[in-house]
1. Can you work out which of the residues in region 71-105 that are more than 28 Å from Val210 (Cβ to Cβ) and not hydrophobic (A, V, I, L, M, F, W, C) is surrounded by the most Cβ atoms within 10 Å (Cβ to Cβ)?
2. Does Phe200 count as modelled with pLDDT of 90 or more, of a type in the set (Phe, Trp, Tyr) and under 32 Å from the mean Cα position of the chain (by Cα)?
3. Cβ-Cβ under 7 Å, sequence separation 6+ or interchain: first residue in region 124-141 and of a type in the set (Val, Ile, Thr), partner assigned to a helix (DSSP H, G or I). Which pairs?
4. Can you tell me which residue among Leu165, Leu159 is over 29 Å from Leu112 (Cα atoms), open to solvent by 70 Å² or more (accessible area, probe 1.4 Å), over 27 Å from the mean Cα position of the chain (by Cα) and modelled with pLDDT of 85 or more?
5. Look at Arg52 and say whether it is at negative phi, of a type outside the set (Val, Ile, Thr), surrounded by 13 or more Cβ atoms within 10 Å (Cβ to Cβ) and at pLDDT 90 or above.
6. Quick one: Gly118 ticks every box in (1) open to solvent by 30 Å² or more (accessible area, probe 1.4 Å); (2) in a helix (DSSP H, G or I); (3) free of Cβ contacts under 8 Å to residues at least 40 places away in the same chain except a single one, so which number is it?
7. Do you know which residues across region 227-239 are in contact with a helix residue (DSSP H, G or I) (Cβ under 9 Å, 6 or more places away or on another chain), surrounded by fewer than 20 Cβ atoms within 10 Å (Cβ to Cβ) and part of a helix (DSSP H, G or I)?
8. Name every residue in region 229-248 that is β-branched (Val, Ile, Thr) and under 23 Å from Glu97 (Cα atoms), in order of residue number.
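The values are calculated or read from the model by the stated rules, or taken from the named source; none is laboratory data. This is a predicted model, so every value here is computed, not measured. Positions of Cβ are generated from backbone atoms using ideal geometry, with glycine treated the same way; all protein chains shown enter the neighbour counts. Surface accessibility is based on the protein's heavy atoms, side chains included, excluding ligands, DNA and RNA. Shrake-Rupley method; radii C 1.70, N 1.55, O 1.52, S 1.80 Å.
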Amino acid sequence: MDWASVAGVLLALAGIVVGQALEGGKLASLFQPAAFAIVVVGTLGAVLLQSRYASFKRGLRMLKLVFAPPPDTRLALAREINAWSLSARRDGLLSLERYMLASKDPFITKGLRLIVDGINPDKLRQILDAEITVYETEERLAVRIWESAAGYSPTIGILGAVLGLIHVMENLTDPNKLGAGIAVAFVSTVYGVGLANLLFYPIANKLKAVVTQAVFQQEIAAAVFYDIATGDHTRVIDERVATLMQGR
């Protein structure tokens, strides 16, 4: 569990609640089902309209990574790289087959299989680069739904405010209904701007960091596979491992 993310959400909500209380406002005035429906459902519809359904589902599933990020596997990858390099140097490229069969990472398995099959190193690198590009594109399309939600929700909040004001204008002769209409108008804007800046944008940025780290590790692995396939000096592979472990 990433407690920093949990604390961030709680602090953001607490800031609004405490601020409302310090201003002398009632917390109940922030809970407007009509405003919530306009902003949340409207934003959901807009995001669905612009996204492929597969990307939308993938983006929703990635939400758990904000609060339970994937483990840092850089050290494990560094150890694997050293094992591959040593095995290839001592026993030849075919000795990597046992690592290929033991790996649970599809990208690692593919890279090792290409080496064992004797694929030309340049072709190997092209294949792996294409694999990385496809993976990165799919992941970033999924993350983009949160960025899109952050872009749409403030505008839809304004739309909710306009609808609330229309309701007010329609009931100028009935003072009992004016309060509800004005509340929906202003709270819609609060929901739109609040969701965008307190949730949607931070979620998108957190997920982009996760994707960037995963792509970085794949790029290092692809470079190592190329080095092993070309029989490059082990010092080159050591430098790649050092780059992988930077910032640890």
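1. To start, the set of residues in region 71-105 that are more than 28 Å from Val210 (Cβ to Cβ) comprises 86-98, 101.
In the following step, the residues that additionally are not hydrophobic (A, V, I, L, M, F, W, C) were identified as 87, 89-92, 95, 97-98.
Numbers: Ser87: 18, Arg89: 14, Arg90: 8, Asp91: 11, Gly92: 9, Ser95: 15, Glu97: 15, Arg98: 13.
In this case the residue turns out to be Ser87.
2. Working: modelled with pLDDT of 90 or more: yes; of a type in the set (Phe, Trp, Tyr): yes; under 32 Å from the mean Cα position of the chain (by Cα): yes.
So Phe200 passes the test.
3. Close Cβ pairs (under 7 Å, with a partner that is assigned to a helix (DSSP H, G or I)) amount to Ile127/Leu114; Ile132/Val215; Ile132/Gln218; Ile132/Glu219; Ile132/Ala222.
4. Step by step, each of Leu165, Leu159 is checked, and only Leu159 is over 29 Å from Leu112 (Cα atoms), open to solvent by 70 Å² or more (accessible area, probe 1.4 Å), over 27 Å from the mean Cα position of the chain (by Cα) and modelled with pLDDT of 85 or more.
5. On the way: at negative phi: yes; of a type outside the set (Val, Ile, Thr): yes; surrounded by 13 or more Cβ atoms within 10 Å (Cβ to Cβ): yes; at pLDDT 90 or above: yes.
Considered against the rule, which asks whether it is at negative phi, of a type outside the set (Val, Ile, Thr), surrounded by 13 or more Cβ atoms within 10 Å (Cβ to Cβ) and at pLDDT 90 or above, Arg52 comes out as yes.
6. Failing condition for Gly118: (2).
7. Of all residues in region 227-239, those in contact with a helix residue (DSSP H, G or I) (Cβ under 9 Å, 6 or more places away or on another chain) come to 227-234, 236-238.
Filter once more, so that each one left must be surrounded by fewer than 20 Cβ atoms within 10 Å (Cβ to Cβ): 230-234, 236, 238.
Residues satisfying the conditions are Thr230, Thr234, Val236, Asp238.
8. Thr230, Thr234, Val236, Ile237, Val241
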